[in-house]
Amino acid sequence: MAEQPQKTSPTRVTPVLKAQCIQETLDCGNAAAVARRHHLPPERVRAWVREASKHPRMTTLPEVTQLEAENRHLKELLGDKDLEIAILKDLVKKANRVPPRGAK
């Protein structure tokens, strides 16, 4: 009797895995190879890629989204600090121009 290949348990599809599969498929151009590597049906990976091409923001990993938000926040802080420094430099220049009280 021929031995039947063992079925592997289905891979749990997390948003991270889905985004990774989409990115790998876009990089290599071969959904079937990506599907085999992750033990997924090729048509599912192809459907994800089609869906992602309609909605590009869906491919973003949650960690990337969080980092982008943090990056925006840090840029705002940096802009605020640059403005404070410019104001302080301007005040120092003005203070140096004014003669001290009682000086002739």
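Data for the structure
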| read-out | value |
| --- | --- |
| Residues satisfying the stated conditions in region 29-83, i.e. surrounded by 11 or more Cβ atoms within 10 Å (Cβ to Cβ), at pLDDT 90 or above and not in a helix (DSSP H, G or I) | Asn30, His38, Leu40, Pro41 |
| Hits in region 16-28 (condition: modelled with pLDDT of 85 or more and exposed (fewer than 15 other Cβ atoms within 10 Å of the Cβ)) | Leu17, Leu26, Asp27, Cys28 |
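The values are calculated or read from the model by the stated rules, or taken from the named source; none is laboratory data. Everything numeric in this text was worked out from a predicted model, so none of it was measured. Please note: Cβ atoms are built from the backbone with ideal geometry, for glycine as well, and neighbour counts cover all protein chains shown.
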